1. Among (1) under 20 Å from the mean Cα position of the chain (by Cα); (2) more than 17 Å from Y130 (Cα to Cα); (3) open to solvent by 30 Å² or more (accessible area, probe 1.4 Å), which single condition is N169 missing?
2. I'd like to verify a number: residues in region 1-38 that are of a type in the set (F, W, Y) and either open to solvent by 80 Å² or more (accessible area, probe 1.4 Å) or touching a strand residue (DSSP E or B) at 6+ places or on another chain (Cβ under 8 Å) (or both), how many?
3. Name the pairs whose Cβ atoms lie under 8 Å apart, with the first residue in region 60-88 and open to solvent by less than 40 Å² (accessible area, probe 1.4 Å), the second modelled with pLDDT under 90 and assigned to a helix (DSSP H, G or I), and 6 or more positions between them or separate chains?
4. Take region 172-223 and flag every residue that is aliphatic (A, V, I, L, M), in a helix (DSSP H, G or I) and buried (at least 17 other Cβ atoms within 10 Å of the Cβ).
5. Just checking, which of Y228, Y253 is in contact with a Phe, Trp or Tyr (Cβ under 6 Å, 6 or more places away or on another chain) and surrounded by 23 or more Cβ atoms within 10 Å (Cβ to Cβ)?
6. What are the residues in region 224-276 that are hydroxyl-bearing (S, T, Y), out of contact with any Gly (no Cβ under 8 Å at 6 or more places or on another chain) and not in a loop (DSSP other than H, G, I, E, B), if any?
7. Only residues that are without any contact (Cβ under 8 Å) to a residue 60 or more places away in the chain and either buried (at least 20 other Cβ atoms within 10 Å of the Cβ) or under 20 Å from H227 (Cβ atoms) (or both): list them for region 116-138, please.
8. For A113, are the conditions met, namely being open to solvent by 20 Å² or more (accessible area, probe 1.4 Å), under 17 Å from the mean Cα position of the chain (by Cα) and among the small types (G, A, S)?
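The values are calculated or read from the model by the stated rules, or taken from the named source; none is laboratory data. Everything quoted here is computed from the prediction, not taken from an experiment. No Cβ is skipped: glycine too gets one built from the backbone with ideal geometry, and neighbour counts run over all protein chains shown. Side chains included, ligands, DNA and RNA excluded: accessible areas come from the protein's heavy atoms. Shrake-Rupley method; radii C 1.70, N 1.55, O 1.52, S 1.80 Å.
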Amino acid sequence: MDTDLTAAYARCQELHRQHGRTYYLATRLLPAWKRRHVHALYGFTRYADEIVDRTEDLPPAERAARLDEWSSRFVAGLHGEPVDDPLLPAVLHTIAVFDLDRADFASFLRSMAMDLTVLSYPTYDDLLDYMEGSAAAIGTMMLPILGSSDPAAAREPARQLGFAFQLTNFIRDVAEDLDRGRTYLPDEDLAKFGVTREDLLAAKEQARTTPRIRDLIEYEVSRAQAHYEAAAPGITLLNPASQACMRTAYALYGGILDEVAAQGYDVFVRRALVPQRRRLAVAARALLTPTGSPVAVPGPSLVSR
């Protein structure tokens, strides 16, 4: 492997280590030769997200121009043109090694562009349209790297796991997203529980939820659980060497829902985090779990609403 490619993979790994603690821990359970490819995908998605979310002091047009320029470099690399970039060589190499579907990357970049202009989503279907690129596509990007005994059957669970992980993040990060001027809880859900955007902002300011917001968050947790439930069969369809990794990621991301429930569905009192001791215990348990064992859906019992 040439020096530039090695450096690109190292840069992706560092981004993953710094910003993706939960998934980084899970990735360490993969065979060594697979890890760098997961780091590459994480680095790609994280860097695009940083262009969108870490340049808030710039005018929207300039942020859009930066994302477009970086996306154009990526597309040029897909067509075999030389790429001068600190991390793109790694993701381009990973795409080539596993013949990943280029459409997933186009879908992802479309969703990142949406984050520059879309501040809320009227319905859950609208949010799903966004998450098709920002979440489901990442699940299907990952599947060839993880490997599966039945890729066709594993595809939909992989998509569902992407939805589950992202909804978990949206639930945990309501306050952080409000700081960016966004809400990822659908407007129709807010209306269903009599919650306004101003209510959310007031709760963030006071670092304390209200009964209506608590009911709203409980509802969103149950919705995320439904995606975890749909994703669960896919874990046992993965190659044996990949199951401990994804079993760990599944349990740790789902554990965030457990923490949200444990703090009374108050996402403003503190950011829900899985304690380090539990994180390590989950990883150790995943290593000891026999291949093919089913996973438990996280959170409290599914409630029909």
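1. That leaves (2) as the condition not met.
2. The qualifying residues number 1.
3. That search, which allows pairs on different chains as well, returns R63/I51; R63/V52; L67/I51; L67/V52; W70/I51.
4. The first filter runs over region 172-223 and keeps only residues aliphatic (A, V, I, L, M), leaving 174-175, 178, 185, 190-191, 195, 200-203, 207, 213, 216-217, 221.
Narrowing the set further to residues that are in a helix (DSSP H, G or I) leaves 174-175, 178, 190-191, 200-203, 213, 216-217, 221.
The answer is V174, A175, L178, L190, L200, A203, I213, L216, I217, V221.
5. Y253 is the lone residue from the list that is in contact with a Phe, Trp or Tyr (Cβ under 6 Å, 6 or more places away or on another chain) and surrounded by 23 or more Cβ atoms within 10 Å (Cβ to Cβ).
6. Passing the criteria: T248, Y250, Y253.
7. Within region 116-138, D125, L127, L128, D129, Y130, M131, E132, G133, S134, A135, A136, A137 meet the criteria.
8. Yes, satisfied.
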